[in-house]
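The values are calculated or read from the model by the stated rules, or taken from the named source; none is laboratory data. Being a predicted model, the structure only gives us computed values, none of them experimental. Here Cβ is always computed from backbone atoms with ideal geometry, including for glycine, and neighbour counts include all displayed protein chains. In case anyone asks, the SASA skips ligands and DNA or RNA and just uses the protein heavy atoms, side chains included. Shrake-Rupley method; radii C 1.70, N 1.55, O 1.52, S 1.80 Å.
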Amino acid sequence: MRAIRQETLGGTDVLHETEIPRPDPGVGQILVAVHAAGVNPTDWKHRAFGLYLGEPPFVLGWDVSGTVTAVGAGVSLFAPGDEVFGMLPYPYGAGSHAEYVTGPTRAFVHKPAGLSHTEAGALPLVSLTAWQALVDNADLRPGQRVLIHAAAGGVGHVAVQIAKARGAHVIGTASAAKHDFVRGLGADEVIDYRTADFVKEAGEVDVVLDPLAGETRLRSLETLVPGGILVSILPVRMDEVHARAAELSVRATSMLVEHDQAGMKAVADLVASGRLKVHVSGTYPLADAAKAHAEGETGRVTGKLVLTVR
Ligand SMILES: NC(=O)c1ccc[n+]([C@@H]2O[C@H](COP(=O)([O-])OP(=O)(O)OC[C@H]3O[C@@H](n4cnc5c(N)ncnc54)[C@H](OP(=O)(O)O)[C@@H]3O)[C@@H](O)[C@H]2O)c1
């Protein structure tokens, strides 16, 4: 099968389309013919720095949408021919930037009929991240006010919609050119982080979802009501965040996304009921994975980039 493999860490030029053996599904696994696979910041961070995977060779890609072609021993939830989407176990289950990939059944759910493979391939990692941050960690409830940074990005644009579906009052940050897009997702207020002080503009909030870290994360603690919670999805340098949170009598936590069938079911339900739509701003054929990495690494993408594999 064709796969985008790398032998060394480095720039986009280390990504090569290569023929490698097609994997066989092990116990509890399914083999999926990949139709589409999202590209995420963690792909280019792993490509360049190894991050949690260490030294290559490896095939990246955690998002999958495709068709089940074989099942391993003990699999009862899926059968060949089923259309599925999901996120491979993060970080060690990567490999969807290829024609086929195997993963545990509990990483997948059936793809809603009205959702294209391209859309389904864009959703899993960002929507599970937003769901696990807002629902599992923050327990976001109706009427609460939530501040979502980078609301036009992959995680942010899905988080805005999940928060609205939970009945929250949503405040997003984005550059001015993206305000109409973020309002269109359902955000009640949008703050231009380049020209305004988001701490003054946001007022008091119950929950912050922060994909940015640095000064933005620290200052976001000042927007929280006593007992409110900040969920960071960059689990680095949290010591200073916890210290400042304690001073302000607020809570702070950080998380890494996990494969999660219950979360995927919730996401599929939101999609099927029309409350969650993914915005795919660009697609690339598998062979052009390097171009997708290069566009993503600009940090300016609106919504998602997807590799179309078949
Ligand atoms: N912990 C986890 O499991 C987990 C999961 C998913 C992602 N992440 C991490 O979260 C981060 C975001 O991921 P993503 O997929 O959402 O990235 P992304 O799609 O690449 O985010 C791009 C968006 O960020 C916005 N942005 C950049 N700087 C901003 C700022 N200072 N304030 C507000 N918006 C800003 C840009 O909008 P403008 O053009 O308007 O600036 C752009 O639309 C990445 O570092 C990623 O690795 C972690």
Exception for residue 165 within (1) within 30 Å of residue 24 (Cα to Cα); (2) among the small types (Gly, Ala, Ser); (3) away from the ligand (no atom under 12 Å from the Cβ) falls at (1)
Expected output for the range 287-303 (first residue more than 6 Å from the ligand (Cβ to nearest atom), partner part of a loop (DSSP other than H, G, I, E, B), Cβ below 6 Å, 6+ apart or cross-chain) is 289/15; 289/97; 290/15; 303/279
Selection from the range 1-18 of residues among the hydroxyl-bearing types (Ser, Thr, Tyr) and either open to solvent by 80 Å² or more (accessible area, probe 1.4 Å) or in contact with a His (Cβ under 8 Å, 6 or more places away or on another chain) (or both) yields 12
Looking across the range 101-137 at residues that are of a type in the set (Gly, Ala, Ser) and surrounded by fewer than 24 Cβ atoms within 10 Å (Cβ to Cβ), the single one that is nearest to residue 292 (Cα to Cα) is 116
Checked the range 17-45 for anything in a loop (DSSP other than H, G, I, E, B) and among the acidic types (Asp, Glu); matches are 24
Would you confirm whether or not the range 11-21 contains a residue that is farther than 30 Å from residue 157 by Cα and either touching a Phe, Trp or Tyr at 6+ places or on another chain (Cβ under 9 Å) or of a type in the set (S, T, N, Q) (or both)? yes
Given the conditions (1) within 16 Å of residue 306 (Cα to Cα); (2) within 17 Å of the chain's Cα centre (by Cα), every one holds for residue 45 apart from (1)
The residue that is nearest to the chain's Cα centre (by Cα), considering only those in the range 227-266 that are in a loop (DSSP other than H, G, I, E, B) and of a type in the set (D, E, K, R), is 258
Of the candidates 263, 296, the one satisfying the condition of being within 15 Å of residue 124 (Cβ to Cβ), touching a helix residue (DSSP H, G or I) at 6+ places or on another chain (Cβ under 8 Å) and not hydrophobic (A, V, I, L, M, F, W, C) is 263
If we keep only residues of the range 262-285 that are of a type in the set (Gly, Ala, Ser) and in contact (Cβ under 8 Å) with a residue 24 or more places away in the chain, then the residue nearest to residue 105 (Cα to Cα) is 263
Just one listed residue, out of 177, 196, 213, 168, is surrounded by fewer than 21 Cβ atoms within 10 Å (Cβ to Cβ), modelled with pLDDT of 95 or more and over 17 Å from residue 303 (Cβ atoms), and it is 196
Residue count, the range 246-288, condition within 22 Å of residue 157 (Cβ to Cβ) and surrounded by 15 or more Cβ atoms within 10 Å (Cβ to Cβ), comes to 21
Filter the range 45-100 for residues that are touching an Asp or Glu at 6+ places or on another chain (Cβ under 9 Å) and hydroxyl-bearing (Ser, Thr, Tyr); the one that is surrounded by the most Cβ atoms within 10 Å (Cβ to Cβ) is 96
Of the conditions (1) farther than 18 Å from residue 12 by Cβ; (2) part of a strand (DSSP E or B), the single one that residue 305 does not satisfy is (1)
Counting only residues in the range 26-46 that are touching a strand residue (DSSP E or B) at 6+ places or on another chain (Cβ under 6 Å) and within 16 Å of the ligand (Cβ to nearest atom), the one farthest from residue 281 (Cα to Cα) is identified as 37
Quick count over the range 172-206, residues being within 12 Å of the ligand (Cβ to nearest atom) and either basic (Lys, Arg) or assigned to a strand (DSSP E or B) (or both), is 8
